[in-house]
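First the structure, in the form of C-alpha cells, and then the observations on it.
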Amino acid sequence: NLLFLNPLIKSIDVVGCCTDICVLNGVMGLSNYMNQHNLDVDIRVHTDAVATYNEEERKNYVDAAFLLMKQQGVQLVKKK
C-alpha cells in the first residue's frame, strides 16, 4: 500500500503473461485503486510484451481485454 502512496511514482509499466486473464485483472484492479485514491499515475501496458496461451484461439478474448483496459484509461503502447 505504501508503494502506491509514494508521490514519486508517476507511471507503472506492465508486462506479463495471460493477457486476457492475469494482465487484465491486475491492471484493472490497479487502475481502480489509483482512481479510488485520486492518484495521478499513468499505467502503460506494453502490448508487445504480453501474451496468453493459445494466442490464436483466444484472439477475441485478448482483443476484448485490450479494449477494456483502453476504456479504463490504461495506455496501450507498442514498441516502434
Extension gain, residue 6 back to residue 44 (0.36 nm per residue minus Cα-Cα distance, nm): 11.9 nm
The chain, helix-only ellipticity at 222 nm - DSSP H runs n ≥ 4, -39,500 (n - 2.57), divided by all residues, nearest 500: -10500 deg cm²/dmol
Entry for Rg and Dmax of the Cα atoms in Å (calculated from the structure that is shown) out of [x] 11.8, 41; [y] 12.9, 41; [z] 11.4, 31: [y]
Relative contact order (%) - criterion: Cα under 8 Å, at least six apart; region: the chain: 37
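We did not get these values from a lab; they are worked out from the coordinates using the rules stated. Keep in mind it's a predicted model, so treat the numbers as computed, not measured.
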